[in-house]
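S.K.: The structure is given below, and queries will be raised subsequently.
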Amino acid sequence: MRKAILELNSLLKDAKARPVLLMLSGGSALELLEGIQMRNVGKNITITVLDERFSRDPAVNNFSQIAETEFYKKAERKGINYIDTRIHRKISLHALSRKFERGLRAWRRKYPKGKIICTQGIGEDGHTAGIMPYSRNAKKFARLFENQNHWVTGYEAPRVRTEYPKRTTVTFPFLRSEVENSVAYATGSRKRKAVRLVLAKRGSLAKSRGRILREMKNATLFVDQSV
């Protein structure tokens, strides 16, 4: 994890003169926030999530969890902006997705030369961001995650696959075209197979969503053990 934290700090330091959208993943990737040096964080930064679990429970909702970290509290005191995906009222999954997309596009319009940096985790099932195993039907999969007109999609994953089936997540086109740098982090022996699928010369996004790292502009994967 130390190398991943060093990379993230280096990226933030180098981008201090530019507007930055820092998109954070939940799960084990939250551990990276503990090592961010606050001298690299200023009013130039906007914070949001890379994906959201559709839940009003603050122990489940990704943005709510991030907002409770010491990193976020310190960053807020320094005047950072944010794109909030907490669920404050009765809002549907798809309405939240549209709201999230409007927030991302508004940021890009305001900062056409701004830099997007994200943290990404990789799940045991090979997912990254909120792009979970969904369907073996290639058309259904592409309709949700490969639509060139959408940066965000909302959907319900099969319940047998995940504890939190309702998701709002960025799409593959967004990860390819908009994210300038990604710090990806996978920890634990149970993720060894998923990491191997990411690193394999051949494979598909439908079977291993984490392989999107290979198609992004600048993505670096850090692991805590030999694969």
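S.K.: If ASN62 satisfies all but one of (1) surrounded by fewer than 22 Cβ atoms within 10 Å (Cβ to Cβ); (2) in contact with an Asp or Glu (Cβ under 9 Å, 6 or more places away or on another chain); (3) polar (S, T, N, Q); (4) closer than 25 Å to LYS3 by Cβ, what's the number of the condition it fails?
M.R.: So ASN62 meets the others, but not (1).
S.K.: Continuing with the same structure: Are any of the residues in segment 2-13 open to solvent by 20 Å² or more (accessible area, probe 1.4 Å), in a loop (DSSP other than H, G, I, E, B) and on the phi < 0 side of the Ramachandran plot?
M.R.: No.
S.K.: Further question: Identify all residues within segment 14-49 that are farther than 18 Å from ASN218 by Cβ and part of a helix (DSSP H, G or I); write none if there are none.
M.R.: The answer is GLY27, SER28, LEU30, GLU31, LEU33, GLU34, GLY35, MET38, ARG39.
S.K.: Kindly list the number of the only condition in (1) among the polar types (S, T, N, Q); (2) open to solvent by less than 20 Å² (accessible area, probe 1.4 Å); (3) touching a Gly at 6+ places or on another chain (Cβ under 9 Å) that fails for SER28.
M.R.: (2)
S.K.: Also, I was wondering about something else. Among the residues of segment 138-169 satisfying the criterion of being touching a Lys or Arg at 6+ places or on another chain (Cβ under 9 Å) and among the basic types (Lys, Arg), which is nearest to SER97 (Cα to Cα)?
M.R.: In this case the residue turns out to be ARG167.
S.K.: Look through segment 79-99, keep the residues that are hydroxyl-bearing (Ser, Thr, Tyr) and part of a loop (DSSP other than H, G, I, E, B), and return whichever of them is surrounded by the fewest Cβ atoms within 10 Å (Cβ to Cβ).
M.R.: SER92
S.K.: Within segment 116-227, considering only helices (runs of 4 or more DSSP H) that don't extend past its boundaries, which have at least 3 residues that are within 30 Å of PRO19 (Cβ to Cβ) and in contact (Cβ under 8 Å) with a residue 24 or more places away in the chain?
M.R.: 172-177
S.K.: Right, another one. Looking at GLU52, GLU76, which one is open to solvent by less than 10 Å² (accessible area, probe 1.4 Å), outside any loop (DSSP other than H, G, I, E, B) and not hydrophobic (A, V, I, L, M, F, W, C)?
M.R.: Only one candidate qualifies: GLU52.
S.K.: Does GLU68 qualify as being within 17 Å of the chain's Cα centre (by Cα) and among the acidic types (Asp, Glu)?
M.R.: Criteria not met by GLU68.
S.K.: Got a sec? Which of TYR134, TYR185 is surrounded by 17 or more Cβ atoms within 10 Å (Cβ to Cβ) and within 19 Å of THR48 (Cβ to Cβ)?
M.R.: TYR185
S.K.: Can you work out which of the residues in segment 26-47 that are among the polar types (S, T, N, Q) and free of Cβ contacts under 8 Å to residues at least 60 places away in the same chain is nearest to ARG86 (Cα to Cα)?
M.R.: ASN44
The values are calculated or read from the model by the stated rules, or taken from the named source; none is laboratory data. The shown structure was predicted, so the numbers you read here are calculated from the model rather than taken from an experiment. Here the Cβ is made from the backbone with ideal geometry for all residues, glycine too, and neighbour counts use every protein chain on show. Areas reflect the complete protein model, heavy atoms only, side chains present, ligands, DNA and RNA absent. Shrake-Rupley method; radii C 1.70, N 1.55, O 1.52, S 1.80 Å.
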